[in-house]
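> First the structure, which I've put down as structure tokens, then a few questions once you've had a look.
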Amino acid sequence: NAGVTQTPKFQVLKTGQSMTLQCAQDMNHEYMSWYRQDPGMGLRLIHYSVGAGITDQGEVPNGYNVSRSTTEDFPLRLLSAAPSQTSVYFCASSPPRGLQDPNTEAFFGQGTRLTVV
Amino acid sequence: AQTVTQSQPEMSVQEAETVTLSCTYDTSESDYYLFWYKQPPSRQMILVIRQEAYKQQNATENRFSVNFQKAAKSFSLKISDSQLGDAAMYFCAYRSGLYFGNEKLTFGTGTRLTIIP
């Protein structure tokens, strides 16, 4: 009964370093998304995927890269970390509308607190 | 593009009293879903309540209820008999009902609710 699992929970990076935030879900959801949460700005969409092999940009995609090779996994890559990327990152998954319950909610991971120094 | 506005950055309420959190949104769509998420200090995003736009009846979940005014594009959350465990950040969120476009959520900036013992 894992749901959405994000790793790591905390990370400190130096400016210019790269890293990958991992996200895995075991609910066979087609939709997966990455959001960042900053004080006073709510959650903003970085990238999303509607299925394996299909990704698209959200509201704030610059500096991030994603791929979706399997239904279960949706990693987020920071190519060259910058202090502006200090944030809390959330991965979410959901089934598409129309399957089972059309009013489907999104399920969120526990979040990753990233600090770039 | 849809927008969600929460105009109350912070709210406080005495324990056992009732509090209402405001949310307005802007959309040209007629089919959509609205959600309230709770984020306690643990960072976990917890779905509190949801409303389908095509339903006139306001959603209710135990002590939580909404006042959904479709014409006014307003979606407020009422918490009755406030408890210490209700202290959290609350986010209002919008999800399109279109087949293409319902893969992501648009969030408001959040309202931090404090419960006064």
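> Of the numbered conditions (1) facing chain A (nearest Cβ under 9 Å); (2) on the phi > 0 side of the Ramachandran plot, residue B:95 fails exactly one; give the number of that condition.
(2)
> Does any residue of segment A:43-50 turn out to be buried (at least 20 other Cβ atoms within 10 Å of the Cβ), in contact (Cβ under 8 Å) with a residue 60 or more places away in the chain and in a strand (DSSP E or B)?
No; the residues of segment A:43-50 include none that is buried (at least 20 other Cβ atoms within 10 Å of the Cβ), in contact (Cβ under 8 Å) with a residue 60 or more places away in the chain and in a strand (DSSP E or B).
> One residue is enough: does segment A:30-38 have a residue meeting the conditions outside any strand (DSSP E or B), under 30 Å from residue B:112 (Cβ atoms) and either among the charged types (D, E, K, R) or modelled with pLDDT under 95 (or both)?
no
> Sticking with this one: Taking the condition of being within 14 Å of another protein chain (Cβ to nearest Cβ), outside any strand (DSSP E or B) and in contact (Cβ under 8 Å) with a residue 40 or more places away in the chain, how many residues in segment B:2-15 meet it?
Filtering segment B:2-15 down to residues within 14 Å of another protein chain (Cβ to nearest Cβ) leaves B:2-10.
Now drop any that are not outside any strand (DSSP E or B), which leaves B:2, B:6-9.
Applying the additional criterion that residues be in contact (Cβ under 8 Å) with a residue 40 or more places away in the chain yields B:2, B:6, B:8-9.
Residues in segment B:2-15 being within 14 Å of another protein chain (Cβ to nearest Cβ), outside any strand (DSSP E or B) and in contact (Cβ under 8 Å) with a residue 40 or more places away in the chain: 4 in total.
> Which of (1) at pLDDT below 95; (2) surrounded by 16 or more Cβ atoms within 10 Å (Cβ to Cβ) does residue A:78 not meet, given it meets every other one?
That leaves (1) as the condition not met.
> One residue is enough: does segment B:35-43 have a residue meeting the conditions facing another protein chain (nearest Cβ under 9 Å) and among the basic types (Lys, Arg)?
Yes: one or more hits.
> Hey, another quick one. Any residue at all in segment A:84-93 that's of a type outside the set (Phe, Trp, Tyr), buried (at least 21 other Cβ atoms within 10 Å of the Cβ) and facing chain B (nearest Cβ under 9 Å)?
Checked segment A:84-93: at least one residue is of a type outside the set (Phe, Trp, Tyr), buried (at least 21 other Cβ atoms within 10 Å of the Cβ) and facing chain B (nearest Cβ under 9 Å).
Rundown of residues vs (1) part of a strand (DSSP E or B); (2) out of contact with any Leu (no Cβ under 7 Å at 6 or more places or on another chain); (3) small (Gly, Ala, Ser); (4) loosely packed, with under 12 Cβ neighbours inside 10 Å, yes/no style:
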residue: B:42; (1), (2), (3), (4): no, yes, yes, yes
residue: B:56; (1), (2), (3), (4): no, yes, no, yes
residue: B:75; (1), (2), (3), (4): yes, no, no, no
residue: B:85; (1), (2), (3), (4): no, yes, yes, yes
residue: B:90; (1), (2), (3), (4): yes, no, no, no
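> Could you list all residues from segment B:1-34 that are more than 16 Å from the chain's Cα centre (by Cα) and surrounded by fewer than 12 Cβ atoms within 10 Å (Cβ to Cβ)?
Within segment B:1-34, B:1, B:14, B:16, B:28, B:30 meet the criteria.
> Oh, and also: Can residue B:53 be described as of a type in the set (Gly, Ala, Ser), under 23 Å from residue B:14 (Cβ atoms) and touching a strand residue (DSSP E or B) at 6+ places or on another chain (Cβ under 7 Å)?
no
> So, residue B:39, is that one over 12 Å from the mean Cα position of the chain (by Cα) and touching a residue at least 60 places away in the same chain (Cβ under 8 Å) or not?
The answer is no for residue B:39.
> How many residues does segment A:39-48 contain that are more than 8 Å from every other protein chain (Cβ to nearest Cβ) and either at pLDDT below 95 or more than 14 Å from the chain's Cα centre (by Cα) (or both)?
Let us first name the residues in segment A:39-48 that are more than 8 Å from every other protein chain (Cβ to nearest Cβ), namely A:39, A:46-47.
Filter again for either at pLDDT below 95 or more than 14 Å from the chain's Cα centre (by Cα) (or both), leaving A:39.
Residues in segment A:39-48 being more than 8 Å from every other protein chain (Cβ to nearest Cβ) and either at pLDDT below 95 or more than 14 Å from the chain's Cα centre (by Cα) (or both): 1 in total.
> Hey, another quick one. List, please: which pairs have Cβ atoms under 6 Å, are six or more places apart or on different chains, and start with a residue in segment B:16-30 that is of a type in the set (Phe, Trp, Tyr) and end with one that is not in a strand (DSSP E or B)?
From segment B:16-30, the pairs are B:25/B:73.
> Among the residues of segment A:1-27, what is the count of those that are in contact (Cβ under 8 Å) with a residue 60 or more places away in the chain and either exposed (fewer than 13 other Cβ atoms within 10 Å of the Cβ) or in a loop (DSSP other than H, G, I, E, B) (or both)?
Matching residues across segment A:1-27 total 11.
> Quick one: count up the residues across segment A:58-75 that are within 11 Å of chain B (Cβ to nearest Cβ) and modelled with pLDDT of 95 or more. Can you show your working first?
Quick first cut of segment A:58-75, residues within 11 Å of chain B (Cβ to nearest Cβ) only: A:58-59.
Checking which are modelled with pLDDT of 95 or more leaves us with none.
Residues flagged as within 11 Å of chain B (Cβ to nearest Cβ) and modelled with pLDDT of 95 or more within segment A:58-75 amount to 0.
The values are calculated or read from the model by the stated rules, or taken from the named source; none is laboratory data. For clarity, every value in this text was computed on a predicted model and none was experimentally measured. Quick reminder, even Gly has a Cβ in these numbers, built from the backbone with ideal geometry, and neighbours come from all protein chains shown.
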